[in-house]
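What follows is a set of notes on a single structure, which appears directly below.
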Amino acid sequence: MKLFARRGGARPPEDVPTTPTGYQQTASRLHAFNRYEIKYLLDEFKVPALREQLAAHMAVDAYSPQGGYPVTSLYYDTPDLRFYWEKIEGLRFRRKLRMRLYGTPAECTEDTPVQVEIKQRVNRVTQKRRLALPYGTARRWLDGREQISCSPAERPFVEEVTTLVGNLDLRPIVTTGYRREAFVGWEADLGLRVTIDHKVHGRDRDFHFASGATNRYTIPPKLAIVEIKANERVPYWVTDLAARAEMSVVRISKYCQSVQAFGLAPRSALGPPELVLDAADQLVAADL
């Protein structure tokens, strides 16, 4: 197999764009990691206080500009939503395939770097493997079922994704998007990462990132999703902070929320009632 053309720059930290300004310098290489994740819901009115407390213990991610950065993901699933139901049923081993863009969707071109990612859960551990490549190549691979060139190191991942897409007849189902703030730990808390995701929205059609299609909120915009991510352990001060802020732990998936918000599957009875969208919350999330 041919090699992809290599892009300059060092590999970016997990879950962030390569630079705080252009989002266009993601290294084209395979990246993998394991971690523990805890998710919370928080009223947006309480976010400033949380931000201040996090800043006392952590650094604002150097790759995250003020106000955060946009993240947009396109999720793939089977015609009968196998990955969705695996999450709803709480299988100990489950996975999903997505294409992720860091940066403004309207600026996405065929050459813009995106991440093709398998995210899987093994018991309590979240594992991610992903490959960065140009958007046009990713679309031809996942949507057009075309073979792509890759290095020997990337070949096992590429073959796994190709097999998943072909054998399970995966196709685009929904997009999700939000604006993310990120904090990273230092010294004894290296490996700790806390993210705050605002105005979670999506759509179930017009899947090109730069299509300009209408989005809808899939989680009430008054709520932010706070995620605590750690390689080995979550420090006590973090869980104490969450308790003082009265943050509620939730078993939530942005993908599943989008599936339910667009009526592609029944709403799970296990979902928190505060995530039910009322008429006001379903207004268009324009230009997000």
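Where a number appears in this text, it was derived from the coordinates with a stated rule and is not lab data. In this text the structure is predicted, and so the values were computed from the model without any measurement.
Can you classify segment 158-240 as rounded, prolate or oblate using the Cα gyration tensor, where a ≥ b ≥ c are the square roots of its eigenvalues, rounded means a/c under 1.5, and otherwise it's prolate if a/b beats b/c and oblate if not? Don't skip to the answer; put the middle values down first.
Values: a/c = 3.04, a/b = 1.47, b/c = 2.07.
Oblate, because a/c is 1.5 or more while a/b does not exceed b/c.
Extension gain Thr214-Thr78, at 0.36 nm per residue separation less the Cα-Cα distance, in nm? Write down the numbers at each step before the final one.
Working: separation 136, 0.36 × 136 = 48.96 nm, distance 2.40 nm.
Length gained, Thr214 through Thr78: 46.6 nm.
Which whole-Hz ³J(HN,Hα) couplings does segment 172-185 yield from phi under the Karplus relation 6.51 cos²θ - 1.76 cosθ + 1.60, θ = phi - 60°, glycine and proline marked x?
Computed from phi, the couplings for segment 172-185 are x, 10, 8, 10, 10, x, 5, 10, 10, 9, 9, 10, 10, x Hz.
If you stretched the chain out fully between Asp169 and Tyr236, how much longer would it get, using 0.36 nm times the residue separation minus the C-alpha to C-alpha distance?
So the chain would gain 19.7 nm between Asp169 and Tyr236.
Binning at 5 angstrom from zero up to the longest distance, how are the C-alpha pair distances of segment 30-282 distributed in percent?
Going out from 0 Å in 5 Å bins, segment 30-282 shows 1, 6, 12, 17, 19, 18, 14, 8, 4, 1, 0 percent.
Taking 0.36 nm per residue of separation and subtracting the Cα-Cα distance, what length does fully extending Val125 through Leu91 add?
On the way: separation 34, 0.36 × 34 = 12.24 nm, distance 1.26 nm.
The Val125-Leu91 span can extend by a further 11.0 nm.
May I ask for the distance between the Cα centers of segment 138-217 and segment 35-110, given as a whole number of Å?
10 Å
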